[in-house]
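Scroll down for the structure; my scribbles are underneath it.
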Amino acid sequence: IPEVPLSLVKSTKNAAGVSVNDVLLAAFSGAVKRYLDAVEETPTDRTERRIRALMPVAFPRKKQTGERQWSAGVGNNWSFASIPLFVGDDLSRSERLKRTNEATTKLKNSPAVPIQKVFQDVLYNILPLSITRNVCADLMGGHTVCISNVPGPQIPLAVAGKEVVAVEVIYPNV
């Protein structure tokens with residue numbers, strides 16, 4: 001996976017009036033489209049099969065005080081959102097970015113992510129394990145990729161005395 005300077009992503013974001021996530025999702029969609037073109041998969045194949053991404057969405061944390069203050073920084077407060085990848089049409093880069101932004105804006109203004117969060121936080125703990133396993137398998141199986149631009153640490157980290165400069169996590173959806 002080639003490295004792309006964050007400054008380029010941000011300048012694209014600013015010029016188009018969209019988010020960093022929109023730029024990353026649109027760029028990834030373009031890469032998937034070029035791959036599908038290279039393997040000569042027809043556009044009909046692309047529209048019949050939904051190509052979607054799971055994307056983590058963060059929720060603000062409540063301010064913690066006292067003894068709970070330390071534990072509040074350890075956990076995460078997030079849920080998944082499902083977003084289409086625009087790979088079936090011959091879109092220009094700017095049109096793909098525009099359609100991606102429209103889809104993410106629609107998602108941000110819908111109740112889908114808060115409802116998913118309720119399921120994750122409440123129902124997951126009371127439903128039988130067999131049901132929650134099936135729901136999780138269906139959720140993951142209905143998506144082509146899980147993509148995130150979660151920022152890394154703001155201070156240098158090292159492993160075995162060597163500075164970590166990048167991390168890429170890639171796994172097949174089987």
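Read-outs throughout are calculated quantities, based only on the coordinates presented, and are distinct from any laboratory measurement. Since we're looking at a predicted model, the values are computed, not measured.
Could you work out the pair-distance distribution P(r) of segment 1-41 from its alpha-carbon pairs, with 10 angstrom bin width and percents rounded to whole numbers?
P(r) for segment 1-41, in whole percents per bin: 28, 46, 22, 5.
Considering amide H positions built from the backbone, and no H for Pro or chain starts, which residues 5 or more places from W78, or on another chain, come under 5 Å of its amide H?
So W78 has HN proximity to F59.
Which entries of K13/K106; K33/K106; K13/K98; K33/K117 have Cα-Cα distances beyond 20 Å here?
Distance filter (> 20 Å) returns K33/K106; K33/K117.
Return the long-range amide H neighbours of L85 (sequence gap of 5 or more, or a different chain), with a cut-off of under 5 Å between placed amide H atoms.
Hits under the 5 Å cutoff: I51, R52, A53.
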